[in-house]
Amino acid sequence: MPVKRGSVLSPEVLRVFETLPHPYLILSKQLYILTASNAYLQLTGKTKADLLEKHLFDVFPKVPDWATEEGGIAFSLEQVLKTRKPHKLPITRFDIPAPVKGAELQERYWDTTHTPVLDTRGNISYIIHQTYDVTTQVLTEKNLKASLEKEVMAAAQASQLSRQMRELYKEVPAQIAIVKGPDLVYEFINPQYQNEFFPDRKALGRPLLSVMPEVTGKPIWDILQNVYKTGQSFTGREICIQLANGITGKLENHYFDVVYQAIRDDKGKITGVLSFKYEITELVAARKNLEQKKEELRTLNAGLVRANEEIQATNEELQTSNEELSSANEELFSARQNLLKLNDELEERVELRTLELLKAQAEATNQAERLKRFFMQAPAGVCVLDGPNFVFELVNPAYQQLFAGRALTGKPLLEALPELEDLLICDILKNVYETGNTFEGKELLVPLARAVNGPVEDRYFTFIYQARYDAADKVDGILVFIFEVTDEVLVRQKEKENEERFRFLLNAIPQQVWTARHNGTLDYVNEVVCDDFGISAEEILRKGWQAFIHPNDKQTCIKKWLTALKTGKEYLAEFRLKFHDEQYRWHLARAVPLIENGRVTLWLGTNTNIDIQKTNEQKKDEFLSIASHELKTPLTSIKAFNQLMLRINDPQKLTSFIKKSATHVLRLEKLISDLLDVSRINAGKMEYNMETFNFCEMLADSIDGVQYTAPSHRISLTCPQDIIYTGDRFRLEQVINNLLTNAIKYSPEANNILVNCTQNGTNSFTVSVQDFGIGIEEKNINRLFERYYRVDNTAMRFDGLGLGLFISAEILKRHNGSFWIKSKPGEGSTFFFKLLFDQTKTQEL
Ligand code: ADP
């Protein structure tokens with residue numbers, strides 16, 4: 001039943017409602033529209049005439065979407081009528097036509113509340129239908145949600161990209177530099193390093209601290225130093241390094257993923273540090289910015305929730321009293337205004353943040369591009385092997401160059417390079433793939449062909465295999481970073497081989513061999529030197545040559561050596577070197593410089609042992625002076641007798657002078673014939689006339705001859721039987737004569753000489769000549785048969801040239817005879833020799 005407006009509401013109240021700035025309808029209990037606020041009319045595009053005193057559902061038919069269903073308008077009103085309590089609907093979409101006629105419906109969202117106004121008895125007088133257009137808020141929230149989702153996705157994408165990027169560059173970042181020596185002097189910088197890291201500074205050839213003084217005392221400097229000192233690699237992520245801006249000079253934070261690796265030389269000594277850096281400053285900044293924005297968004301959302309709560313509270317207040325409605329509405333209005341403002345702000349921020357997000361994404365894409373460029377420009381071979389079959393996913397030109405013309409990209413490793421099958425390298429790759437452990441190979445031999453259908457060659461590589469991870473942190477490929485070092489390895493192998501051969505050669509030489517640096521410092525000696533000096537090569541090098549040179553030779557030798565060093569001309573010197581037995585031995589030193597590029601780089605020297613030659617020379621000199629003295633003595637006497645003979649006429653005296661003179665002539669003759677014999681022996685021209693004769697007879701004849709010239713001694717012969725022997729009678733007589741004259745000469749105090757000749761069975765016989773003279777010391781016995789050898793203490797007292805025994809020994813040797821001496825100083829000596837009847841037999845001594 002229709003209800004008249006005026007029957008339930010006073011005109012003032014109606015006016016209040018109508019002028020309210022918010023959309024309201026006042027409904028009768030029977031749901032007839034009693035009035036509508038101007039704001040409601042404006043909102044719905046209806047006139048008062050369209051609404052007043054009409055049933056609500058006549059004006060707004062119960063379309064299924066919003067009216068009847070649970071949570072719809074009809075349902076809500078039913079609840080109010082039933083419970084007499086306010087009922088709030090969830091936010092509902094209800095599209096309305098645009099103000100322009102014929103236009104399509106506009107998407108709208110409504111926040112609707114029905115509030116019963118009760119009379120004094122508690123019955124419903126009318127119902128306030130209150131609805132807010134919350135379209136903007138809902139759409140903003142929707143946008144917000146969508147953009148939040150996008151943002152989370154983009155952040156995840158960016159973080160995955162950056163993680164992948166960093167994984168990829170864990171050991172092979174894009175900016176590469178090599179610093180050498182304790183001052184870390186830049187020796188190599190790749191263009192990326194120069195451009196990205198400090199485009200406005202000169203670094204090559206300069207110490208790191210002079211290029212980047214701002215890192216002095218900073219942890220990164222200590223880290224670098226530590227790598228150089230300990231050789232332990234350093235891997236750091238998001239390392240902050242403060243670098244001065246090239247224009248403003250202000251310090252700015254730069255972030256890097258950093259790998260520092262020590263560089264070692266052949267001997268394993270650290271010579272520098274290899275620096276792999278990848279600047280991630282922009283990425284870090286973008287991420288930090290994103291985090292900040294997220295925080296801001298969270299704060300805004302909290303503000304929104306608070307605002308909603310406020311609205312809720314305001315609504316509740318409205319319900320308690322109609323009188324307070326106006327003022328409450330005002331508050332509500334201002335809250336709504338705030339809300340709208342807030343929404344505007346929010347939208348602005350969302351827009352701003354979306355822009356930043358896009359920028360960050362673009363930057364991430366840029367960085368990925370740059371990364372690819374680095375790969376392609378890297379001086380080392382780089383490739384990415386994808387999946388468990390190691391498919392060549394990315395191959396940079398340097399890598400491709402290792403296999404000129406061979407198709408790699410897109411092919412599995414073993415298909416592209418089948419010669420790798422069954423090689424250790426495949427197991428290594430599998431292991432890296434399975435364990436994720438990085439593998440570093442140094443100068444590893446991998447037989448590989450260079451060109452298509454080319455021969456498989458022994459090639460050496462230094463490389464790093466590094467696992468690549470997917471988003472789920474599972475290994476999904478391998479990053480390969482490789483240098484070919486075949487030439488270097490082969491050159492080194494050759495050098496080593498040459499060096500070993502050279503050393504072998506030097507040690508095979510029977511002389512002392514040494515080398516010295518250009519400044520004269522000894523740096524190598526062969527094994528002969530060590531054996532001679534009886535100490536190790538290290539000790540010899542430490543002591544130097546001078547320590548072994550005879551003090552008397554040192555000065556001249558040093559002078560010559562210094563001159564050679566100064567002039568770069570051959571060095572020649574003679575000096576005595578002290579051997580491990582404390583004996584000095586003469587050496588001839590000769591050294592020549594090795595000249596490379598016009599400069600002396602090495603001295604190669606030899607010391608030849610010339611001790612025997614030197615001693616022989618000395619002996620020869622001594623001999624010559626003795627010989628001249630020996631020859632001069634009888635000559636002087638003969639000259640004197642001749643002068644005497646010229647002056648006197650006494651025939652008796654004359655005969656005596658002639659006899660004496662004849663003795664001296666004989667002596668002279670003996671000396672000359674001895675000298676002749678020695679030179680014959682030396683030249684191998686001593687002639688022997690073999691004949692068969694009675695040895696005992698020859699012995700007796702010789703004794704007679706000597707006895708005749710030496711009446712001071714009595715020579716007795718014991719020869720129990722005749723001995724028939726075939727040999728050179730004259731030469732063997734010479735031996736006997738020599739032994740007898742020596743026995744007489746070296747026993748001036750005695751007067752007996754015993755000669756014995758005994759046959760030993762049927763094979764041989766032994767002859768001995770015994771005197772009772774000065775005797776010979778044990779140490780000299782073995783040397784008596786040497787040429788020119790004379791025992792020192794006899795040389796001064798007795799004349800002689802030290803030739804007799806040498807000649808005798810030679811004669812006996814030619815008769816295949818043997819000889820020996822028994823002697824005691826002060827008691828006398830016995831000289832023995834033994835001859836075989838059959839001279840073809842060898843003597844057992
Ligand atoms: P020479 O007698 O002319 O010096 P030899 O060759 O005959 O030369 O003898 C060599 C050396 O051997 C002698 O100088 C002497 O020192 C030593 N010698 C030889 N025979 C005897 C001996 N019977 N008793 C002691 N010393 C001897």
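The table below lists the values:
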| quantity | calculated |
| --- | --- |
| Along each principal axis, Cα extent of region 680-823, largest first, Å | 41, 38, 28 |
| Disulfide-incompatible cysteines by the Cβ rule (no partner under 4.7 Å) in the chain | Cys240, Cys383, Cys426, Cys530, Cys557 |
| Segment Asn816-Arg93, extension gain: residue separation times 0.36 nm, minus the distance between their alpha carbons | 246.2 nm |
| Distance in nm between pseudo-label sites at Ile124 and Thr230 (7 Å out along the Cβ direction from Cα) | 8.2 |
| Cα shape, region 536-632, gyration tensor, a/c 1.5 rule | prolate |
| Residue exposure sequence - Leu31, Leu139 - by fewest surrounding Cβ within 10 Å | Leu139, Leu31 |
| Rounded Å value of the spacing that divides the Cα centres of region 427-476 and region 374-388 | 12 |
| Environment charge at Gly387 (Cβ cut-off 14 Å; Lys +1, Arg +1, Asp -1, Glu -1) | -2 |
| Which of Pro418, Phe832, Ser625, positive extreme of dipole for the chain (C-beta unit charges) | Ser625 |
| Semi-axis lengths (Å, descending) of the ellipsoid that matches the C-alpha gyration tensor of region 568-683 | 57, 15, 12 |
| Principal-axis tilt of helix 695-709 within the chain, Cα atoms, nearest 10 degrees | 70 |
| Sum of -39500 (n - 2.57) over DSSP H runs of 4+, divided by residues of the chain (222 nm, nearest 500) | -14500 deg cm²/dmol |
| Under 5 Å, built H, 5+ apart or other chain: amide partners of Gln512 | Asn607, Asn609 |
| When the convex hull of its Cα atoms is projected in every direction, mean area for region 372-425 (nm²) | 3.9 |
| Charge tally in the Cβ shell below 14 Å around Arg783, where Lys, Arg are +1 and Asp, Glu are -1, Arg783 excluded | 0 |
| FRET efficiency, 1/(1 + (r/R0)^6) with R0 35 Å, evaluated for Lys359 and Glu434 via beta carbons | 0.30 |
| Projected area averaged over orientations for the chain, convex hull of C-alpha atoms, nm² | 74.0 |
| Nearest-ten-degree value, helix 424-435 long axis tilted from longest Cα axis of the chain | 40 |
| Least to most buried among Asp257, Asp266, Asp650 (fewest other Cβ within 10 Å first) | Asp266, Asp650, Asp257 |
| Between 0 and 90°, nearest 10: helix 804-814 axis offset from the chain longest Cα axis | 80 |
| Phi-based couplings in Hz for region 30-43 (Karplus 6.51, -1.76, 1.60; Gly and Pro marked x) | 8, 6, 8, 7, 8, 7, 9, 6, 4, 4, 5, 4, 4, 5 |
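Readers should treat all values here as calculations from the given coordinates under stated rules, not as data from a laboratory. Worth saying up front: this structure is predicted, and the values here are computed from it rather than measured. As a convention, Cβ positions derive from the backbone with ideal geometry for all residues, glycine included, and neighbour counts pool all protein chains shown.
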